[in-house]
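The values are calculated or read from the model by the stated rules, or taken from the named source; none is laboratory data. The shown structure was predicted, so the numbers you read here are calculated from the model rather than taken from an experiment. We place every Cβ from the backbone using ideal geometry, glycine too, and count neighbours over all the protein chains shown.
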Amino acid sequence: MEKSWPLELHGQIQEHVYQLPKVSDEIVTVLKGHLLIEEKINDLIKKRLPNPEPLLKARPRFSHKLSLLESLIVGQIKKTPRGGYSVRKLWHALRELNTIRNEIAHDLAPKRLQKKVKDLTLAVLDLIRLSDKLKDIAQWETIDQLKWNLGLLAFLVGAMSKE
């Protein structure tokens, strides 16, 4: 994908975008991106908990993992060139993603997928304080918005594992 990413983090985001499927199918992209991010969340849980295996063996839902991390981690993400980002807003964006994933997984014909992707884009832009760039991103195809959102979220969760 040749897209001009509106961040200095181009290389790190692209690294995660390349892990997403090379298709123009929003449903497959959401499911694969959700899985990629859940793997990063599992890595974060392994790093933050002294004995994470009993929890992970219980196979908690994505939302339960987010609630656990939200309880454990407060403050700012520090591992980006732009400085710190609100962890609270990261959790919000990840919940928006989970809402999209759940609708896709539990509804044969997901309704208003493009609007939900735009809502996710708004949450991500709020997280990284790039709302002034919304005009450009809002013109992207839905699949490109999804890949950008997923790549950025995967990068940020992964950065938390490296702190």
- request: Determine whether the range 153-163 contains at least one residue that is out of contact with any strand residue (DSSP E or B) (no Cβ under 9 Å at 6 or more places or on another chain), modelled with pLDDT of 80 or more, of a type in the set (Gly, Ala, Ser) and surrounded by fewer than 18 Cβ atoms within 10 Å (Cβ to Cβ).
  value: yes
task: Would you check which residues across the range 36-52 are in contact with a helix residue (DSSP H, G or I) (Cβ under 9 Å, 6 or more places away or on another chain) and surrounded by fewer than 15 Cβ atoms within 10 Å (Cβ to Cβ) and list them?
output: Glu39, Lys46, Lys47
query: Do we find that Lys65 is over 17 Å from Ile128 (Cα atoms) and either modelled with pLDDT of 95 or more or assigned to a helix (DSSP H, G or I) (or both) in this structure?
result: yes
